[in-house]
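Beneath this line is the structure, given in structure tokens, with notes to follow.
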Amino acid sequence: MEYPRTLTEISTVEIALATHYSGVVTQQALTQTVGGRAVTYLQIAKGIAPEPRIPVLFVGGIHARELAPPAALLSLVGLLAKADATSSGITIGRLTISAADVQLILAKVELCVLAMANPDGRDYVYSTPGDRMWRKNRNPPLGNEGVDINRNFDIAWDFEKYYDSSAAKDVKASKIPAHQLGYIGHHAGSEIETQNIVALIDGTAPGVRPAEWFVDVHSHHGTVFYPWALETNGSDHTMHWRNAAWDNRRDGVGNFRGDYAEYFPPKAAPRRGIASMMAIGSNDANSRSGSGKVGAKQLAEGLYTATGTSVDYALSRSILDPNRTVFAFAIECGTPSDGGFAPSATQYPTVEKDVHGSLLVLLRHIASGVAHPVVGEPKIGCFVATAVYGDPGHRDVAFLRRLRDEVLPTTRAGRRIGPPIVRVYGRLGPPAARWLAAKPRLAGVVRRVAFEPTVNACRQLLREEGR
Ligand SMILES: [Zn+2]
């Protein structure tokens with residue numbers, strides 16, 4: 001069976017859910033678009049909770065051409081509501097959510113699902129003449145000058161001011177209205193679609209409290225991402241998007257200077273462990289083993305550098321309000337082999353299971369109230385160094401290992417040299433290491449060009465610090 005893709009199909013499914021499961025699912029309206037289309041969301045909760053529920057927000061359809069996320073979010077609501085109505089659990093592939101867990105989710109969580117955030121854009125994708133690769137909203141309604149909603153949020157929105165000129169070139173954002181990927185709009189938060197999502201994140205929409213958990217569902221990278229999208233993650237609390245002292249000086253992710261890394265609030269620290277848990281949920285739902293697994297990555301390093309994104313905005317609330325913590329994630333569901341932006345009816349179930357798997361394990365985790373799973377940031381992989389140097393006992397490899405284990409976490413120099421080192425490794429990674437290991441001559445070049453200068457610079461910095 002085809003999955004709902006057009007606005008009419010999506011709206012029909014949404015209304016059917018709210019009608020059929022009216023005791024658990026409620027439909028609410030946000031501000032309508034420039035094109036006069038309704039924007040609606042579903043609230044899913046059961047009964048009267050004895051204590052405040054945990055507000056969770058899932059959003060889909062920000063990017064018009066990504067056809068699967070709205071359908072998968074609505075069918076997730078359907079799964080939960082049906083499991084409740086039949087007092088059963090949910091089994092998808094290897095993943096089982098017990099009937100008791102479904103009840104726990106409905107009792108503890110205040111789930112809000114905005115499945116179709118950008119109806120004007122989606123309608124344009126299917127209208128005549130239409131444009132199947134249209135990504136933005138339709139403001140203005142005619143022509144090709146729409147805004148990329150996921151660059152319009154009020155977080156480092158003016159990327160040319162935020163970064164230095166060379167880093168700004170690497171950012172996937174644009175000030176040219178006709179650009180399909182990344183046109184940022186006239187000002188931060190200028191678009192109704194953006195304002196609607198902000199109203200849900202910040203709890204100003206009807207019947208909604210400020211979100212503690214936020215997941216924005218996109219396609220098709222096959223990865224669960226965690227913020228920041230705008231920079232490498234760091235621990236220096238003076239390095240944040242509002243500190244004007246860094247304007248036009250931030251180095252982005254692509255550069256190797258390593259001066260700047262966006263402060264990541266420690267209270268939201270288990271992001272990687274939670275993203276990994278969600279990825280495992282996807283893999284279990286699709287009974288995956290071996291290759292092709294969904295993984296977990298930091299956005300800026302694992303996808304590309306981007307400003308004004310929904311997840312960065314959500315996370316930034318944790319810094320602006322000391323009493324608030326927002327855990328934010330972006331799922332990129334499906335891969336090019338699952339149909340990319342437009343999965344066919346036969347490709348869609350795999351994509352849908354990825355969304356269901358990751359979000360169901362997340363909901364179960366939130367409802368369970370157990371401690372968050374903690375996984376460290378990607379380790380400086382000594383296997384990479386070994387591949388490059390061809391010798392695990394080489395003094396540079398030993399030096400890098402000592403840097404990782406003793407120096408990076410504790411010293412000022414460590415905080416300065418950590419990011420470039422992590423980047424060298426991030427650019428290579430395990431597949432490159434395996435590939436390099438079989439090419440000793442090329443490994444020698446990588447070593448001379450990338451590793452030795454970095455290692456020497458680090459040695460010099462440590463000498464200056466007397467270590
Ligand atoms: Zn997208």
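The values are calculated or read from the model by the stated rules, or taken from the named source; none is laboratory data. Please read all numbers here as calculations on a predicted model, not as lab measurements. In this analysis, Cβ positions are derived from the backbone assuming ideal geometry, glycine residues included, and neighbour counts consider all displayed protein chains.
In the set 372, 365, which member is over 28 Å from residue 253 (Cα atoms) and either touching a helix residue (DSSP H, G or I) at 6+ places or on another chain (Cβ under 9 Å) or at pLDDT 95 or above (or both)? Steps first, please.
On the way: 372 fails: over 28 Å from residue 253 (Cα atoms).
365 is the lone residue from the list that is over 28 Å from residue 253 (Cα atoms) and either touching a helix residue (DSSP H, G or I) at 6+ places or on another chain (Cβ under 9 Å) or at pLDDT 95 or above (or both).
Does segment 48-78 hold any residues that are in contact with a Leu (Cβ under 8 Å, 6 or more places away or on another chain) and surrounded by fewer than 21 Cβ atoms within 10 Å (Cβ to Cβ), and which are they?
Of everything in segment 48-78, just one residue is in contact with a Leu (Cβ under 8 Å, 6 or more places away or on another chain) and surrounded by fewer than 21 Cβ atoms within 10 Å (Cβ to Cβ), namely 78.
Please verify whether segment 23-30 includes one or more residues that are crowded, with 19+ Cβ neighbours inside 10 Å and under 14 Å from residue 77 (Cα atoms). First the steps, then the outcome.
Pass one, segment 23-30, residues crowded, with 19+ Cβ neighbours inside 10 Å: 24-25, 30.
Now restrict to residues that are under 14 Å from residue 77 (Cα atoms): 24-25.
Within segment 23-30 (the criterion being crowded, with 19+ Cβ neighbours inside 10 Å and under 14 Å from residue 77 (Cα atoms)), the answer is yes, since at least one residue qualifies.
I'd like to know if segment 35-54 contains one or more residues that are within 15 Å of the ligand (Cβ to nearest atom), in a strand (DSSP E or B) and not aliphatic (A, V, I, L, M). Walk me through how you get there before you give the answer.
Pass one, segment 35-54, residues within 15 Å of the ligand (Cβ to nearest atom): none.
No, segment 35-54 contains no residue that is within 15 Å of the ligand (Cβ to nearest atom), in a strand (DSSP E or B) and not aliphatic (A, V, I, L, M).
Only one of these conditions is not met by residue 205: (1) touching a Phe, Trp or Tyr at 6+ places or on another chain (Cβ under 9 Å); (2) surrounded by fewer than 22 Cβ atoms within 10 Å (Cβ to Cβ); (3) small (Gly, Ala, Ser); (4) in contact (Cβ under 8 Å) with a residue 40 or more places away in the chain. Which number is it?
(2)
Among the numbered conditions (1) among the charged types (D, E, K, R); (2) surrounded by 16 or more Cβ atoms within 10 Å (Cβ to Cβ); (3) modelled with pLDDT under 95, tell me where residue 169 comes up short.
Tallying (1) among the charged types (D, E, K, R); (2) surrounded by 16 or more Cβ atoms within 10 Å (Cβ to Cβ); (3) modelled with pLDDT under 95, residue 169 fails exactly one: (2).
Taking into account only those residues within segment 126-157 that are hydrophobic (A, V, I, L, M, F, W, C) and more than 13 Å from the ligand (Cβ to nearest atom), which is farthest from residue 172 (Cα to Cα)?
Of all residues in segment 126-157, those hydrophobic (A, V, I, L, M, F, W, C) come to 133-134, 142, 147, 149, 153, 155-157.
Keeping just the survivors that are more than 13 Å from the ligand (Cβ to nearest atom) gives 142, 147, 153, 155-157.
Working: 142: 24, 147: 14, 153: 14, 155: 14, 156: 13, 157: 12 Å.
If we take residues in segment 126-157 being hydrophobic (A, V, I, L, M, F, W, C) and more than 13 Å from the ligand (Cβ to nearest atom), then 142 is farthest from residue 172 (Cα to Cα).
Got a sec? Which of 295, 273, 290, 308 is in contact with a strand residue (DSSP E or B) (Cβ under 6 Å, 6 or more places away or on another chain) and of a type outside the set (S, T, N, Q)? Reasoning before the result, please.
Working: 273 fails: in contact with a strand residue (DSSP E or B) (Cβ under 6 Å, 6 or more places away or on another chain); 290 fails: in contact with a strand residue (DSSP E or B) (Cβ under 6 Å, 6 or more places away or on another chain); 308 fails: in contact with a strand residue (DSSP E or B) (Cβ under 6 Å, 6 or more places away or on another chain).
The conditions single out 295.
Kindly state which helices (runs of 4 or more DSSP H) lie completely within segment 62-160 and contain at least 1 residues that are within 23 Å of the chain's Cα centre (by Cα) and among the basic types (Lys, Arg). Can you show your working first?
Details: elements: 68-85, 99-108, 119-126.
Those helices (runs of 4 or more DSSP H) span 119-126.
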